[in-house]
Amino acid sequence: QVFLLIPSSNQECRSLDFTGFAGTIVSDSNIDVYGNLILVNTSTYNVNNFSFKATSAGWTISMNGVQPSSALFFNGVGGGWTFNDNVTLSGNGGSIVITNGSLNTNGKIVDCAQFASSNANIRTVTINNSTITVRGNQTFPWLFGNTINLTFSATGSTIVMAGTTNTSDFQGGGL
């Protein structure tokens, strides 16, 4: 088995494409991605978090059936990402947090511990025709308490609160 060990400090890359790699990726720090992310189901991912920081739109994320326990953080001012396929983040740490930029779930199924965007930064969240299942035990598994400067579109979407605790803690910020 091949191991790719990423040292203990934030690591940065333009795009990260694991196509053709079979092995284990290990990082106890965030991996900052300034472009696309392509995971492959021939690898195991022991990564703290993926942090998306591009400052331009048009980037994609392909999970290819991989279910990492990592969080996905979107924090690129002016950046924009689209899910190419369904996204399942395993474990209680598998959150999706949009701080800056835009995220389009592209009609895909999303299963995560928390789905959040609660700040006053300029950001866009588009979940049209997606099913978003939040099953975490965080205080607010769905956290959109502060919707200042948020553009939000959810036409045809379904939000499922499936956590074992705090399932009523839906903070929608008036959406």
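The values are calculated or read from the model by the stated rules, or taken from the named source; none is laboratory data. If you're wondering where the values come from, they're calculated on a predicted model, not measured in any experiment. Cβ: placed from backbone, ideal geometry, glycine included. Neighbour counts: every protein chain shown. Heads up: the accessible areas ignore ligands, DNA and RNA and are worked out on the full protein's heavy atoms, side chains in. Shrake-Rupley method; radii C 1.70, N 1.55, O 1.52, S 1.80 Å.
In region 42-57, of all residues being part of a loop (DSSP other than H, G, I, E, B), open to solvent by 20 Å² or more (accessible area, probe 1.4 Å) and of a type in the set (S, T, N, Q), the one that is modelled with the lowest pLDDT corresponds to Thr42. For region 25-41, a residue qualifies if it is in contact with a Phe, Trp or Tyr (Cβ under 9 Å, 6 or more places away or on another chain) and open to solvent by 10 Å² or more (accessible area, probe 1.4 Å), and the qualifying residues are Val26, Asn30, Tyr34, Asn36, Ile38, Val40. The one condition from (1) in a strand (DSSP E or B); (2) under 23 Å from Thr99 (Cβ atoms); (3) modelled with pLDDT under 90 that Thr60 does not meet is (3). Restricting attention to region 113-132, the residues that are farther than 15 Å from Ile159 by Cα and open to solvent by 40 Å² or more (accessible area, probe 1.4 Å) total 5.
Yes/no matrix, rows are residues, columns are (1) touching a residue at least 60 places away in the same chain (Cβ under 8 Å); (2) hydroxyl-bearing (Ser, Thr, Tyr); (3) on the phi < 0 side of the Ramachandran plot:
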position	(1), (2), (3)
Cys13	no, no, yes
Asp17	no, no, yes
Tyr34	no, yes, yes
Trp59	no, no, yes
Phe73	no, no, yes
Thr88	no, yes, yes
Gly101	no, no, no
Asn104	no, no, yes
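Take Arg135 and tell me if it is open to solvent by less than 40 Å² (accessible area, probe 1.4 Å) and basic (Lys, Arg). Here the answer is no, as Arg135 does not meet what is asked. For region 95-112, which positions are surrounded by fewer than 23 Cβ atoms within 10 Å (Cβ to Cβ) and small (Gly, Ala, Ser)? Those that are surrounded by fewer than 23 Cβ atoms within 10 Å (Cβ to Cβ) and small (Gly, Ala, Ser): Ser95, Ser102, Gly107. Among the residues of region 63-88, those identified as in a loop (DSSP other than H, G, I, E, B) and open to solvent by less than 10 Å² (accessible area, probe 1.4 Å) are Met63, Pro68, Ser70. Scanning region 138-152 for residues that are open to solvent by 50 Å² or more (accessible area, probe 1.4 Å), at pLDDT 80 or above and within 17 Å of Asn92 (Cα to Cα) turns up at least one hit.
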